[in-house]
Amino acid sequence: MSSVAVRRVVVAGGGIGGLSAALALRKAGLDVVVLERAARLRAAGCGVHLWTNAVLALEDLGLAEALHAVAPSQSVCEFRTSRGRRLATWPVREFAERYGQPVVAIGRDDLIDIFAAALGVEHVRGGAEVVGYEQDSAGVTVRLADGTTERGDVLVGADGINSAVRRQLLGARPPDYTGYVAWRAAAELEHPLVEPDVFRCMFGRGTRFVFYAIAPGRVHWMSVANAPAGGRDGADARAVLLDRHRGWLAPVREIIEATAPQSIIRTDVVDRRPNSTWGTGRVTLLGDAAHPMNFNVGQGACQAIEDAIALATSLAAAPDAASALRAYEAARRPRTATMQRTARVIGRMGAWHNPVAVGLRSAIFRLAWDGPVFKRLQQEMSSGARWPAQAPNETASAQR
């Protein structure tokens, strides 16, 4: 399956996108090395919601069994006001029957462990921070912070929103601040309203709270609020969060109280507008390095996994590296741009603070949920890049 022009691929970044790419490229018959700046593979954040499009792609990579062994399948996504008034209910249990795989929730480190076990440690180089590259007609030399290099036929920048590969390729412009901040953590909690198969999102004035189970007795949560960038919370962020969510529907308070203060991560939420260029020559971008989107459609990790399938498919089929990478980019840009723009719009609505605007947002949710916009969004989140039918029957989906 490997192209004559491409034998070895260097992947910068050992996150969800980089490891997905490495697995897909190995499946295509290519040699791969993943360069991860941390000493060991780990994930930033606590939990991740994988929609059906991502689970189908992971099935194609042979990871469905390992995923379902630890990841709770979701039945319902529920949206309410902070006081409990229902805005919309999305019965995502139907996705499994309709499209072939469910929506799941999983701890990010658990997902990274699945990738690492499938890939093998011999394909990952830890403590390898990419600082730049040089390419020529025969390949790419990747420079590392420790003064060493790695050589490959292709370089894939999957090193996140502040990607060093992107910086050299497209310039050092910082990402765009959305105007709101996210606080995230995982709490150890047993509570009747933390159901293993339910995703809940509550909306207030300029603030939101999301939670879902990622394992028995373990719940991922996120609080979002409008705030200036670069702020700090002091010794215990819980006090700030408990004050903000006073009077909210249970179990918001219980979740925050059950969280270790030192585990709470505060992040200025950033993204970028779609870019028309992802690469040049033998270099390309993938995941957040290519198309960073905020969390509002839950597709950041999902689109990175789709990228991995599309990239490997293109490199396996094209006659040379450059044409393969440009074909991959052309195939992926329209879909990821749609997700980026949609996430921005929903994020702006979620940040509305004025009482009149908040009332309008609630009306939009109730009236538009069953309309064409949300139906199209459901379609987009349940199908995407798949391993081509002509590939070897290595996965469960190829055997169907």
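Values in this text are rule-based calculations from the coordinates and carry no lab data. Please read all numbers here as calculations on a predicted model, not as lab measurements. Counting neighbours? That spans all protein chains shown, and the Cβs are built from the backbone with ideal geometry, glycine included.
Tell me which of 378, 74, 264 sits at the most positive position along the dipole axis of the chain, charges placed on C-beta atoms (Lys, Arg +1; Asp, Glu -1).
Final value for the positive-end residue is 378.
Is segment 1-156 rounded, prolate or oblate when judged by the Cα gyration tensor, a ≥ b ≥ c being the square roots of its eigenvalues, rounded requiring a/c under 1.5 and prolate requiring a/b larger than b/c?
Prolate, because a/c is 1.5 or more and a/b exceeds b/c.
Amide H to amide H, which residues 5 or more places from residue 38 or on other chains are under 5 Å from it, using H placed in the peptide plane?
127, 128
Using the crude model of +1 on Lys and Arg Cβ and -1 on Asp and Glu Cβ, and no other charge, please compute the dipole size for segment 34-103 relative to its Cα centre, in debye to 20.
Here segment 34-103 has a charge dipole of around 580 debye.
Tell me, what ³J(HN,Hα) does each residue in segment 247-262 have, in order and in whole Hz, if you take phi through Karplus 6.51 cos²θ - 1.76 cosθ + 1.60 with θ = phi - 60° and put x for Gly and Pro?
x, 6, 4, 4, x, 4, 4, 4, 5, 4, 5, 7, 9, 5, x, 6
Roughly how many debye, to the nearest 20, is the charge dipole of segment 257-400 about its Cα centre, given +1 on each Lys and Arg Cβ, -1 on each Asp and Glu Cβ, and no other charges?
Dipole size: approximately 480 debye.
Can you give the % of DSSP beta bridges in the chain that are antiparallel, to the nearest 5?
Around 70 percent antiparallel, to the nearest 5.
At 222 nm, what value in deg cm²/dmol follows for the chain if DSSP H runs of at least 4 each add -39500 (n - 2.57) and the sum is divided by all its residues, to the nearest 500?
For the chain, the value works out to -11000 deg cm²/dmol.
About its Cα centre, how strong a charge dipole does the chain have in debye, to the nearest 20, once Lys and Arg get +1 and Asp and Glu get -1 at the Cβ?
1460
Looking at segment 142-287 only, what percent of DSSP beta bridges run antiparallel? Nearest 5 please.
Antiparallel: roughly 90 percent of the beta bridges in segment 142-287.
Work out from phi, with θ = phi - 60° and the Karplus expression 6.51 cos²θ - 1.76 cosθ + 1.60, the ³J(HN,Hα) of each residue of segment 159-164, listed in order in whole Hz, and give x for Gly and Pro.
The phi angles translate into 9, x, 5, 9, 3, 5 Hz.
Can you tell me which of 103-112, 270-279, 131-140 comes out highest on packing, and rank the rest after it, using the mean Cβ neighbours within 10 Å?
The peptides rank, most packed first, as 103-112, 270-279, 131-140.
Ranking request for peptides 217-227, 66-76: highest mean number of other beta-carbon atoms within 10 Å first, then the rest in descending order.
Highest mean packing first, the order is 217-227, 66-76.
How large is ³J(HN,Hα), in whole Hz, for each residue of segment 191-205 in order, when computed from phi with the Karplus curve 6.51 cos²θ - 1.76 cosθ + 1.60 and θ = phi - 60°, using x for Gly and Pro?
8, x, 8, 9, 7, x, 10, 10, 9, 10, 10, 10, 10, x, 8
Amide H to amide H, which residues 5 or more places from residue 280 or on other chains are under 5 Å from it, using H placed in the peptide plane?
The answer is none.
Is the shape of segment 285-362 rounded, prolate or oblate, going by the alpha carbon gyration tensor and its root eigenvalues a ≥ b ≥ c, with a/c under 1.5 for rounded and a/b larger than b/c for prolate?
prolate
Determine the relative contact order of the chain: mean sequence separation of Cα pairs under 8 Å and six or more apart, normalised by residue count, in whole percent.
23
Just want the answer: with Cβ charges of +1 for Lys and Arg and -1 for Asp and Glu, which residue in 149, 221, 203 is farthest toward the dipole's positive end in the chain?
In the chain, that residue is 203.
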